[in-house]
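Note sheet for the following structure.
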Amino acid sequence: MTAWEKFRQVLRRYLAGICLALISAGSAMAQDHGQASVFMYHRFGETQYPTTSVDIAQFEAHIAELRSGRYQVMPLEAIVDALASGQSLPEHAVAITMDDGFASVYREAWPRLRAAGLPFTIFVSTDLVDEKSVSGLSWDQIREMLAAGGVSIGHHGAAHNHMPRLTEAQIDADIQRGNARFKAELGQQPVLFAYPYGEFTRRDRNQIAALGFKAAFGQYSGVVHSGADRFGLPRFALNQNYGALERFRLVANALAFPVRDITPEDPLLTPENNPPAFGFTVQAGITGLERLTCYASNQDAAVSHEVLSENRIEVRMPKPFERGHGRRINCTLPDASGRWRWLGQPFVIR
């Protein structure tokens, strides 16, 4: 081999190393920038509902944090569109959502968010509006917020039914009835959906996807990212009990925890598979799995897990989930940056 050929061989290896580094950097950038924390509220200043309401002081602290210059508060649909198209999101992208359509959204949240210039999405259950209750929004209030800009409307079912208890025909009828009311009152049909109670089965997920929505959201913790199922996206719930500024900062700065091959494939649990044999495979490149911690509803302490070969994690609970809403497993992993990767998995108890 001549000196020139040796030089070309070394040069090729050097350039290949640079390309590999650039690809790795690009992957890391996609992981860091192709993600967003989505917040979920219900009520504001309604202290008699501590599990679904935030104190006004808490909410104002959240707004002040979001205006600190660290975050990019985006319309939820813009985040969904960016993730679907593979476009990058700004560092610390976040979105604000509210479920059901309570009157305190108009009375307390909207004036403060409008003054701060922060967009948000309301997932509305149309029956609540049609009831014309003092606790719910009116169509006139919704139209006023839409006309002012910065507010978008999502679909939350007409009757806020627990979807796993319904037949497919009943789900379809509920969604179509809600669509008819949105079109009649607002002249538009929402493109984003939020599952009532945040719970859904594989059947429900597939049906919502088939009905033409762009994405659907639950009520379990986690960071949305480009590799996530767009019809089972997580949100961080905020209320009086979980609305302290320290926690808000923690979830606003959370990192995605990209995984695949989640088991069981269906969140619906029966007596035969409760507790579930929960497992997932972590995306290559994520290290430090020995620091992983997992927690489950109705368990006395952190649940055990085992790290198998090729980044496979198997989580086992000592006892079954109790019946009720909000049954889930959360796994967190500290990152070298000081932020936390967060993975939530909801379950439905038959």
Examine region 181-188 for a residue that is of a type in the set (Phe, Trp, Tyr), modelled with pLDDT of 95 or more, part of a helix (DSSP H, G or I) and more than 16 Å from Asp266 (Cα to Cα), and state whether such a residue exists.
yes
Residue ID - nearest to Thr97 (Cα to Cα), chosen from residues in region 176-204 that are surrounded by fewer than 21 Cβ atoms within 10 Å (Cβ to Cβ) and of a type in the set (A, V, I, L, M)
Val191
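Rundown of residues vs (1) within 17 Å of Met145 (Cβ to Cβ); (2) touching a residue at least 60 places away in the same chain (Cβ under 8 Å); (3) of a type in the set (S, T, N, Q); (4) not assigned by TED's automatic domain parsing to the domain that holds Arg249, yes/no style:
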site: Tyr41; (1), (2), (3), (4): yes, yes, no, no
site: Thr47; (1), (2), (3), (4): no, yes, yes, no
site: Phe59; (1), (2), (3), (4): yes, yes, no, no
site: Val80; (1), (2), (3), (4): no, yes, no, no
So Lys319 clears everything in (1) out of contact with any Pro (no Cβ under 9 Å at 6 or more places or on another chain); (2) surrounded by 12 or more Cβ atoms within 10 Å (Cβ to Cβ); (3) more than 19 Å from Pro234 (Cα to Cα); (4) modelled with pLDDT under 95 except one condition, right? Which one?
(1)
Among (1) small (Gly, Ala, Ser); (2) closer than 21 Å to Phe321 by Cα; (3) outside the structural domain of His155 (by TED's automatic domain parsing); (4) part of a loop (DSSP other than H, G, I, E, B), there is one condition Gly285 misses while meeting the rest; what is its number?
(2)
Can you tell me how many residues within region 53-71 are within 24 Å of Gln35 (Cβ to Cβ) and exposed (fewer than 13 other Cβ atoms within 10 Å of the Cβ)?
3
Total residues in region 12-55, condition modelled with pLDDT of 50 or more and within 21 Å of Arg70 (Cβ to Cβ):
10
Across (1) touching a residue at least 40 places away in the same chain (Cβ under 8 Å); (2) over 21 Å from Phe217 (Cβ atoms); (3) touching a strand residue (DSSP E or B) at 6+ places or on another chain (Cβ under 6 Å), Asn274 clears everything bar (3)
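The values are calculated or read from the model by the stated rules, or taken from the named source; none is laboratory data. Being a predicted model, the structure only gives us computed values, none of them experimental. Because the Cβ atoms are built from the backbone with ideal geometry, glycine has one as well, and the counts that use them run over all protein chains shown.
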